[in-house]
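The values are calculated or read from the model by the stated rules, or taken from the named source; none is laboratory data. None of the values given here were measured: they were computed from a predicted structure. Cβ sites come from the backbone with ideal geometry, for glycine too, and all protein chains shown count toward neighbours.
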Ligand code: M6R
């Protein structure tokens, strides 16, 4: 949700900023801009509507060793050259990730004080406030300004004539990177991959001054502080496409490794998790989008293995419903990025009401990890495509282990065999899956309905989200049994119903749904790991046969099928699956 990057050093600032912005583009891509201080002290700005590449023709003309940039996901004001960052006022230049909630009131006062605004953004008020608060010291001006702002902000500020960047972090992520003769600040790790050996994660309320020589960090009272330095393990190679045309495909191919790595990492946190969960009487899974869908499966695992009440809820709904939480409740906050504002706030609320809170996240040291009792890692590695793929499967794998651990089941030899065989089964699925015919059916359809029961229903919801997110084909996920209670009215020859059937006990019931759709002229596809189902429905429906799989682990296998389907449909329709319209990867605003 907007990416920002700053550079100060002996290199070419414009090139470094541009490269960083390309790496942060998954956070927003409707407009981009940068500001660079020339050796003379003059600041050169370029900002344009469009993806980061719109800046490329201009960077050769921008000389300077200190600069900062922004790639935008619009919140206030439509995507346009004028609304793109940086914003400026009186020699102050600002890039901002977050939302200034009291901007309207501040803007009114600033206009009354004689300031002139040119954009529709909330962020422009920051530049004007710093300008008015600045008596020559950019850091104290930023400190004074911070006290006037309500909302969330990761900010970088430059001032004409000064070869440094002042930064401020509050409820939006910001890291600093220590290089050789050059230093960096950025929203997220990918921007700094291969650029520096060490990074520090800033805490809420931290300020920093970044110059070529040093990084100075200050707390909310401007007292100098040290933040832990950690290795910057992410390399540029790990961020490459590895021969794939899109990150979505590359990341889908990384599912087996993700599951294996997640199993391995779990051993390191198992004991701590058991301790945090001891005495738990009810579990609640919170997340947004795909992470919520993983939570639906986590809920089933806990109900089945531990026989305790379990719920799953959209974090955005939980926050505002005055939730009933008691001691003895454990809340799993599921979030790939660890940055989703709704999930973090919901987790904090649950914690304040007495729940034990566990983060299930793909990003170590992300914001969520700093406000919970325990962290369960999803070891998917960097996920660049806006649509979650490998992280979803990794979340399910992690939640499976959490439920088994809580249930106190030492993994039996049978379960151990199933788990150890899982990465190979996932690989086999990836190697053999063929959804081309179905993808063409979906691409031509007027609507796609994903149907299933039990675990299959949870995956149906995710299949539907994935398809609409990357292909823009209208789609919904429904419980197969609900079809006859209303959805059947939507079925005609232009619709495709994708029915997931992986549990033999529920298969006859789900097959009823197939027949009901066929009787009304709808096209049907069946995703199943049950050869008997495939045989019965052959000739009536398009069949996607998956490797045989234990019903509890089937969501991990069928997830690959629905993700592959979404990807292929998007490609057929000429969409960019990595950067779907209107979206961004880390939703750090409410
Ligand atoms: O980083 P998070 O897991 O918290 O993100 C939650 C959702 O924004 C995310 O899963 C979104 O639904 C994906 N784009 C779906 O592919």
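The set of residues in the range 429-456 being surrounded by fewer than 23 Cβ atoms within 10 Å (Cβ to Cβ) and within 16 Å of the ligand (Cβ to nearest atom) is empty. Could you please let me know if residue 197 is surrounded by fewer than 20 Cβ atoms within 10 Å (Cβ to Cβ) and at pLDDT below 95? Spelling it out, residue 197 is indeed surrounded by fewer than 20 Cβ atoms within 10 Å (Cβ to Cβ) and at pLDDT below 95. Of all residues in the range 551-578, none satisfies the criterion of being within 12 Å of the ligand (Cβ to nearest atom) and modelled with pLDDT under 95.
Total residues in the range 231-252 satisfying the condition of being outside any helix (DSSP H, G or I) and either surrounded by 14 or more Cβ atoms within 10 Å (Cβ to Cβ) or touching a helix residue (DSSP H, G or I) at 6+ places or on another chain (Cβ under 7 Å) (or both): the figure is 6. Can we say residue 312 is more than 10 Å from the ligand (Cβ to nearest atom) and in contact (Cβ under 8 Å) with a residue 40 or more places away in the chain? Spelling it out, it is not the case that residue 312 is more than 10 Å from the ligand (Cβ to nearest atom) and in contact (Cβ under 8 Å) with a residue 40 or more places away in the chain. Touching a helix residue (DSSP H, G or I) at 6+ places or on another chain (Cβ under 8 Å), modelled with pLDDT of 95 or more and either within 16 Å of the ligand (Cβ to nearest atom) or farther than 30 Å from residue 521 by Cα (or both), is that true of residue 411? Criteria not met by residue 411. Residue 79 falls short of the stated requirement of being without any contact (Cβ under 8 Å) to a residue 24 or more places away in the chain, out of contact with any helix residue (DSSP H, G or I) (no Cβ under 9 Å at 6 or more places or on another chain) and not in a strand (DSSP E or B). Look at (1) within 12 Å of the ligand (Cβ to nearest atom); (2) at negative phi and you find that residue 369 fails only one, number (1). Residues that are assigned to a helix (DSSP H, G or I), farther than 14 Å from residue 549 by Cα and either out of contact with any helix residue (DSSP H, G or I) (no Cβ under 7 Å at 6 or more places or on another chain) or modelled with pLDDT under 95 (or both) within the range 420-437 comprise 431, 432, 437, listed in sequence order.
A single entry from 473, 459, 386 fulfils the requirement of being outside any helix (DSSP H, G or I), within 16 Å of the ligand (Cβ to nearest atom) and in contact with a strand residue (DSSP E or B) (Cβ under 7 Å, 6 or more places away or on another chain): 473.
Quick check on the range 397-406. Is at least one of its residues more than 16 Å from the chain's Cα centre (by Cα), away from the ligand (no atom under 16 Å from the Cβ) and in a loop (DSSP other than H, G, I, E, B)?
No, the range 397-406 contains no residue that is more than 16 Å from the chain's Cα centre (by Cα), away from the ligand (no atom under 16 Å from the Cβ) and in a loop (DSSP other than H, G, I, E, B).
As for the range 207-219, it holds no residue that is touching a helix residue (DSSP H, G or I) at 6+ places or on another chain (Cβ under 6 Å), modelled with pLDDT of 95 or more and either outside any strand (DSSP E or B) or loosely packed, with under 13 Cβ neighbours inside 10 Å (or both). Reported count of residues in the range 467-499, each being surrounded by 14 or more Cβ atoms within 10 Å (Cβ to Cβ) and free of Cβ contacts under 8 Å to residues at least 60 places away in the same chain, is 19.
Among residues that are away from the ligand (no atom under 16 Å from the Cβ) and modelled with pLDDT under 95, residue 282 is not included. Of all residues assigned to the range 323-333, at least one qualifies as being touching a residue at least 60 places away in the same chain (Cβ under 8 Å) and either under 19 Å from residue 298 (Cα atoms) or within 12 Å of the ligand (Cβ to nearest atom) (or both).
If only one of 420, 464 is under 29 Å from the mean Cα position of the chain (by Cα) and surrounded by 22 or more Cβ atoms within 10 Å (Cβ to Cβ), which one is it? Selected residue: 464, the only one of 420, 464 that is under 29 Å from the mean Cα position of the chain (by Cα) and surrounded by 22 or more Cβ atoms within 10 Å (Cβ to Cβ). Residue under question is residue 337, and the condition is that it be within 9 Å of the ligand (Cβ to nearest atom), within 18 Å of the chain's Cα centre (by Cα) and closer than 30 Å to residue 579 by Cβ; does it hold? For residue 337, the condition - within 9 Å of the ligand (Cβ to nearest atom), within 18 Å of the chain's Cα centre (by Cα) and closer than 30 Å to residue 579 by Cβ - is met.
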